[in-house]
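Okay, so here's the structure we're looking at.
The values are calculated or read from the model by the stated rules, or taken from the named source; none is laboratory data. Keep in mind the model is a prediction, meaning the values are calculated, not measured. Here Cβ is always computed from backbone atoms with ideal geometry, including for glycine, and neighbour counts include all displayed protein chains. Just the protein is used for accessible areas: all its heavy atoms, side chains included, with ligands, DNA and RNA removed. Shrake-Rupley method; radii C 1.70, N 1.55, O 1.52, S 1.80 Å.
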Amino acid sequence: MSLEPSPLTKVRTGSCLCKSVKYQVYGDPITFRICHCQNCRRASGSAFMSNVFFTGKQVRVVEGEDKLKVFPDPETASGAPLDRYFCSECGSNIFLRPTNKRALELDYKIISHGTLNEEVDWVPQVEVWPELRRPYVKGIEIKTPCHLA
């Protein structure tokens, strides 16, 4: 199904490190979250993961969909299973897709913020699992402080 944005819709692009997988996102995200859980740290190879939530209709893979591989992650800190999509060529973590019934109904597709090509002025709205934050991580600006358990 083709999604044609209106002339007023901001279109942003992103890709994996080797540029085998390229995508477009339409409009602004639903939410932007920083996650400190162990699985996101492991998947990102960093102290936390920056997750930007869109609806599935806002995200379109424009090249390299056949290069995407899925890692099912059923043992998340929240207990909500998700699929992690990564490039089979370079290993970049590109998308996450929650697979529980409610998330599937809401049609969430989450992009790894670091894969966006353009700079954006989005500010994270939530730090998820802040109690698991590495002690040296300081100064993350949050638009609306909140704790999710």
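Data for the structure
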quantity: Among the candidates GLY64, GLY91, residue that is touching a Ser or Thr at 6+ places or on another chain (Cβ under 6 Å) and over 22 Å from LYS10 (Cα atoms); calculated: GLY64
quantity: Of all residues making up the stretch 92-111, the number that are surrounded by fewer than 13 Cβ atoms within 10 Å (Cβ to Cβ) and either of a type in the set (Asp, Glu) or at pLDDT 95 or above (or both); calculated: 1
quantity: Pair list, Cβ under 7 Å, 6 or more apart: the stretch 111-136 residue without any contact (Cβ under 8 Å) to a residue 60 or more places away in the chain, other residue of a type in the set (Ser, Thr, Tyr) and part of a loop (DSSP other than H, G, I, E, B); calculated: none
quantity: Every pair of residues 6+ apart whose Cβ atoms lie under 8 Å, when the first sits in the stretch 15-37 and is closer than 13 Å to GLY56 by Cα and open to solvent by less than 30 Å² (accessible area, probe 1.4 Å) while the second is small (Gly, Ala, Ser) and not in a loop (DSSP other than H, G, I, E, B); calculated: TYR23/GLY14; TYR23/SER15; VAL25/GLY14
quantity: Of all residues in the stretch 137-149 being modelled with pLDDT under 50 and assigned to a loop (DSSP other than H, G, I, E, B), the one that is surrounded by the most Cβ atoms within 10 Å (Cβ to Cβ); calculated: CYS146
quantity: Strands (runs of 3 or more DSSP E) within the stretch 1-110 that include 1 or more residues touching a Cys at 6+ places or on another chain (Cβ under 7 Å) and closer than 23 Å to VAL123 by Cα; calculated: 49-55, 93-98
quantity: Single residue of SER88, SER92 found to be closer than 28 Å to ARG133 by Cβ and either without any contact (Cβ under 8 Å) to a residue 40 or more places away in the chain or not basic (Lys, Arg) (or both); calculated: SER92
quantity: Qualifying residue in the stretch 57-70 (condition: within 15 Å of ILE110 (Cβ to Cβ) and either free of Cβ contacts under 8 Å to residues at least 12 places away in the same chain or touching a helix residue (DSSP H, G or I) at 6+ places or on another chain (Cβ under 9 Å) (or both)); calculated: no
quantity: Selection status of ALA43, open to solvent by 30 Å² or more (accessible area, probe 1.4 Å), on the phi < 0 side of the Ramachandran plot, small (Gly, Ala, Ser) and touching a helix residue (DSSP H, G or I) at 6+ places or on another chain (Cβ under 8 Å); calculated: no
quantity: Matching residues in the stretch 112-136 - criterion: being in contact with an Asp or Glu (Cβ under 9 Å, 6 or more places away or on another chain), open to solvent by less than 50 Å² (accessible area, probe 1.4 Å) and not aliphatic (A, V, I, L, M); calculated: TRP122, PRO124
